[in-house]
Number of protein chains: 2
Amino acid sequence: MTIPSAIEQSETSTKPSAETSFAERLDRLASVAVNVGLGLAPGQELVMTASTDAIPLARRITEQAYRAGASLVTTFYTDEEATLARFRYAPEESFERAPGWLFNGIAEAFRGGSARLAIAGADPALLANEDPQKVARANVANSKAYRPALEYITRHEINWTIVAAATPAWARRVFPNEPENIAVTKLWDAIFATTRIDVPDPVSNWREHDAQLRRRAALLNERRFATLHFRGPGTDLRVGLADDHLWMGGGTKAHNGLDCIPNMPTEEVFTTPHKDRVEGYVTSTKPLSYQGTLIENIAVRFEGGAITEARATQGETVLRRMIETDAGARRLGEVALVPNSSPIARSGLLFLNTLFDENAASHIALGQAYSTCIRGGDTLDSAQLAAKGANESLIHVDWMIGSGSIDLDGLHVDGTAEPLMRSGEWVG
Amino acid sequence: MTIPSAIEQSETSTKPSAETSFAERLDRLASVAVNVGLGLAPGQELVMTASTDAIPLARRITEQAYRAGASLVTTFYTDEEATLARFRYAPEESFERAPGWLFNGIAEAFRGGSARLAIAGADPALLANEDPQKVARANVANSKAYRPALEYITRHEINWTIVAAATPAWARRVFPNEPENIAVTKLWDAIFATTRIDVPDPVSNWREHDAQLRRRAALLNERRFATLHFRGPGTDLRVGLADDHLWMGGGTKAHNGLDCIPNMPTEEVFTTPHKDRVEGYVTSTKPLSYQGTLIENIAVRFEGGAITEARATQGETVLRRMIETDAGARRLGEVALVPNSSPIARSGLLFLNTLFDENAASHIALGQAYSTCIRGGDTLDSAQLAAKGANESLIHVDWMIGSGSIDLDGLHVDGTAEPLMRSGEWVG
């Protein structure tokens, strides 16, 4: 069976839309988010989170959700100025405090069958100038308090999705040389283009795109490659795959029976590498934004799964500190394949937001593996997961290794090779 | 002991403040709300609610709360457009739905010691054109679901306060003939003036004002009048007071030990009338905005506590329907005294918001009595409360009977009279 290549998809999806007003595009994004991304069922409640700068999109989504039969939409707005006020004025001893009572309420909503939609759009460097100790303490406290609610998300108990809105703070980081209003317009244009909104029928376009990603993952699962072999400028890397690895891509059927696409955009198929079976060298193809620092031109060598040499033309110290976080931080936890023709890659932008940047190019992640990318992984303990090659770490940092100059082969156990990508595009 | 009259207070508090910028006035309002209204204790959490149109004030309050030692401020923003979208697009069968999971979370926060601040500023006629059946069903569902949290408020378990922000929708209703930006500026000016912000030291001014209201209530409690006698144009009304009635005014000590002033502004002292001991006739001195209808020039006669004649030059049908709601709807549940020099009265505005309008003039309320205005009332059942004269009804509708032409005497059981107000102002 021939799978239509993503480049054809992409060419239809970037059709200019001079006649389509901003309001119409916003409405289309809202409709796609509710009807395809979330797959909201009639009668379902919806819990939404958004920045106060994303009110126009949140309103469109609210209307679309009610039109789709939502029984109640509850939106929690966060105001980044209030977050900053906390770091600047709250008592030193208060940074272990988190609104557990609120997260417990949200977990109760999920238990009651609510869906969940997040509008992304945070300032990527909001807390860059705040005390890192306070930031870390607040993050840990929030993560702990949020865990009961988050488990409904990570276990896919309920249908959920993330879409983005162009906020002024984010737009200023992406387009630092533009006036704010131009930056916001440009970022909206980029969001509409990469989220496949500027096409005649975004809903059916998304359904087709989702089906393609699922078919791509199914095909890779069928082939059961032992190893992926990346070759290109500065790169000759063999990434062994975990035993019983599972490729995933596109949508997910949540345990409540509803189909959702958790990330919009999404262009990747991804799986779990074997933590001890990565050999060779690789060079990053895009800058990595890590904790407020840009790390550029990463070049590392893997032996027996672990990084043995690490260099970067900028941010090398931060890179070295990152891979020394713990024993698993120098081994891979994810490998993801994205064609060079993905709308995000074609935008040429660094979005400084993983929702977009991880869909710009094939990438690897140092650190923690996803148990959902191991067959039956949800039922295995960490020793069993490790035995299959799944890595464990406190970090999970994606960085880009794909480009138009990369060839990729799938290698079988007997060493025979099948071409998967040529010059960054899917073969067949 | 001579109690300083409110008119002196008022004259110092309406000092023009041409040099004080809007930002400074907003900050003063925030400081007064946190430090006097809420009486926030260091280490206390704060749960705030606000319209998305009140973000600038919410930010100032957030900063002031953290400066005062708040451990965490969590703000819930409501967007009136989202509320409208629900009434327009949500399924017919969904209007019994309420976010009980959220209210349970908020109740958990109150149980954990959180304070509560509400920023008022809703469009007074937001739902005027929506289906009244849906509005009623949603209100009932919300009230039921919110009850566990609301009990912490009505029982004064925690410290709480309400302040107002000028939102465009509200400002347009108060100043329908002005362009929106002028209307908003005028409403802010009115809020700052009536909330006693335009004075050199609003915090100490508020503490003094609070002390005056408490002294006024204490003095009235000491006098133990049997009856209040209002006289003026179209009014000769004797309002018998409930047995063991308690006058209240100004701040409250919550059961968590913290002093708060639940309403800002507040100008009234109030108590519970005896439901069977109201005699005479009374004419309203300001229009009553009831469920989207303006009722003007209400003129009613009471015999044995109940209204026996009711007229109005406008909205008489609505008035009649209101007093026929139930048996208690034609009897009094509250009487409140406000001098004619109150900053709200002096503004000359109808705010269409009870937080302000009930502080513009002495008023009476038809319907439900407050058990807190009966000595030991919190521990009495409804039969015991009724025996003391406290009225019971589904409604509680305040309307203004005070003006600069009203004289008020307090009558003792033996019929001796003491002048309390002359031409609308306190005597002594």
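The values are calculated or read from the model by the stated rules, or taken from the named source; none is laboratory data. Everything numeric in this text was worked out from a predicted model, so none of it was measured. Backbone-built Cβ (ideal geometry, glycine too); neighbour counts: all protein chains shown. Heads up: the accessible areas ignore ligands, DNA and RNA and are worked out on the full protein's heavy atoms, side chains in. Shrake-Rupley method; radii C 1.70, N 1.55, O 1.52, S 1.80 Å.
Checking the structure you have, find out if any residue of region A:343-362 is closer than 14 Å to residue A:271 by Cβ, touching a Gly at 6+ places or on another chain (Cβ under 6 Å) and among the hydroxyl-bearing types (Ser, Thr, Tyr). Among the residues of region A:343-362, at least one is closer than 14 Å to residue A:271 by Cβ, touching a Gly at 6+ places or on another chain (Cβ under 6 Å) and among the hydroxyl-bearing types (Ser, Thr, Tyr), which makes the answer yes.
Of all the numbered requirements in (1) farther than 30 Å from residue B:115 by Cβ; (2) open to solvent by 10 Å² or more (accessible area, probe 1.4 Å), residue B:262 misses one, and that requirement is (1). I'd like to check something: does region A:270-280 contain any residue that is open to solvent by 60 Å² or more (accessible area, probe 1.4 Å) and in a loop (DSSP other than H, G, I, E, B)? For region A:270-280, residues open to solvent by 60 Å² or more (accessible area, probe 1.4 Å) and in a loop (DSSP other than H, G, I, E, B): absent.
Among the numbered conditions (1) farther than 20 Å from residue B:75 by Cα; (2) touching a helix residue (DSSP H, G or I) at 6+ places or on another chain (Cβ under 9 Å); (3) part of a helix (DSSP H, G or I); (4) at the interface with another protein chain (Cβ under 10 Å from one of its Cβ atoms), the only one that residue A:151 does not meet is (4). Scanning region A:293-301 turns up one or more residues that are crowded, with 20+ Cβ neighbours inside 10 Å and either in contact with a Gly (Cβ under 8 Å, 6 or more places away or on another chain) or part of a loop (DSSP other than H, G, I, E, B) (or both). If you go through region A:157-177 and pick out every residue that is open to solvent by less than 10 Å² (accessible area, probe 1.4 Å) and either at pLDDT below 95 or in a strand (DSSP E or B) (or both), you end up with 3.
Residues of region A:264-294 that are within 20 Å of the chain's Cα centre (by Cα) and without any contact (Cβ under 8 Å) to a residue 60 or more places away in the chain: A:291, A:293, A:294. Would region B:154-170 turn up any residue that is farther than 23 Å from residue B:60 by Cα and without any contact (Cβ under 8 Å) to a residue 24 or more places away in the chain? Scanning region B:154-170, I find at least one residue that is farther than 23 Å from residue B:60 by Cα and without any contact (Cβ under 8 Å) to a residue 24 or more places away in the chain, so the answer is yes. Annotation note: Cβ proximity below 8 Å between a residue of region A:376-399 that is not assigned by TED's automatic domain parsing to the domain that holds residue A:242 and a residue that is of a type in the set (D, E, K, R) (sequence gap 6+ or interchain) occurs for no pair. Among the residues of region A:360-392, those that are crowded, with 22+ Cβ neighbours inside 10 Å, part of a loop (DSSP other than H, G, I, E, B) and either among the hydroxyl-bearing types (Ser, Thr, Tyr) or within 15 Å of the chain's Cα centre (by Cα) (or both) comprise A:360, A:361, A:362, A:369. Put simply, of B:318, B:335 the only residue that is part of a helix (DSSP H, G or I) and open to solvent by less than 40 Å² (accessible area, probe 1.4 Å) is B:318.
Taking the criterion of being free of Cβ contacts under 8 Å to residues at least 40 places away in the same chain and surrounded by 16 or more Cβ atoms within 10 Å (Cβ to Cβ), the residues of region A:188-217 that qualify are A:189, A:214. Kindly establish whether residue A:27 is more than 7 Å from every other protein chain (Cβ to nearest Cβ), closer than 23 Å to residue A:356 by Cα and buried (at least 22 other Cβ atoms within 10 Å of the Cβ). Against the criterion (more than 7 Å from every other protein chain (Cβ to nearest Cβ), closer than 23 Å to residue A:356 by Cα and buried (at least 22 other Cβ atoms within 10 Å of the Cβ)), residue A:27 does not qualify. With respect to the stated conditions, residue A:350 is in a loop (DSSP other than H, G, I, E, B) and either within 20 Å of the chain's Cα centre (by Cα) or closer than 29 Å to residue A:132 by Cβ (or both).
Selection of region A:57-67 for residues being at the interface with chain B (Cβ under 9 Å from one of its Cβ atoms) and within 22 Å of residue B:101 (Cβ to Cβ) yields A:58, A:62, A:65, A:66. Any idea which residue in region A:41-56 is nearest to the other protein chains (Cβ to nearest Cβ), counting only those that are crowded, with 17+ Cβ neighbours inside 10 Å and under 17 Å from residue B:84 (Cβ atoms)? This residue is A:55.
Of the residues making up region A:77-90, those that are over 12 Å from residue A:126 (Cα atoms) and either basic (Lys, Arg) or more than 7 Å from chain B (Cβ to nearest Cβ) (or both) are A:78, A:86, A:88. For region B:103-140, a residue qualifies if it is within 14 Å of chain A (Cβ to nearest Cβ), open to solvent by less than 20 Å² (accessible area, probe 1.4 Å) and either modelled with pLDDT of 95 or more or in contact with a helix residue (DSSP H, G or I) (Cβ under 6 Å, 6 or more places away or on another chain) (or both), and the qualifying residues are B:105, B:106, B:107, B:109, B:110, B:114, B:115, B:117, B:119. When B:285, B:313 are checked against the criterion of being buried (at least 23 other Cβ atoms within 10 Å of the Cβ), over 29 Å from residue B:160 (Cβ atoms) and not assigned by TED's automatic domain parsing to the domain that holds residue B:198, B:285 stands alone in meeting it. The residues of region A:60-84 that are assigned to a helix (DSSP H, G or I) and open to solvent by 10 Å² or more (accessible area, probe 1.4 Å), listed by number, are A:60, A:63, A:64, A:67, A:80, A:81, A:82, A:83, A:84. From the residues in region A:85-99 that are surrounded by 21 or more Cβ atoms within 10 Å (Cβ to Cβ) and of a type outside the set (A, V, I, L, M, F, W, C), which one is nearest to the chain's Cα centre (by Cα)? Restricting to residues being surrounded by 21 or more Cβ atoms within 10 Å (Cβ to Cβ) and of a type outside the set (A, V, I, L, M, F, W, C), the top hit is A:99. The residue that is surrounded by the most Cβ atoms within 10 Å (Cβ to Cβ), among those in region B:222-250 that are of a type in the set (A, V, I, L, M, F, W, C) and either more than 18 Å from residue B:388 (Cα to Cα) or touching a helix residue (DSSP H, G or I) at 6+ places or on another chain (Cβ under 9 Å) (or both), is B:242.
For region A:85-111, a residue qualifies if it is assigned to a loop (DSSP other than H, G, I, E, B), farther than 14 Å from residue B:76 by Cβ and touching a Leu at 6+ places or on another chain (Cβ under 7 Å), and exactly one does: A:97.
Assessment of region A:213-228 against the conditions (in a strand (DSSP E or B) and within 30 Å of residue A:416 (Cβ to Cβ)) yields at least one matching residue.
When residue B:20 is tested against (1) within 9 Å of another protein chain (Cβ to nearest Cβ); (2) among the β-branched types (Val, Ile, Thr); (3) outside any helix (DSSP H, G or I), just one condition goes unmet, and that condition is (1).
Evaluation of residue B:158 against the conditions (1) within 14 Å of chain A (Cβ to nearest Cβ); (2) more than 19 Å from the chain's Cα centre (by Cα) shows that the sole unmet condition is (2).
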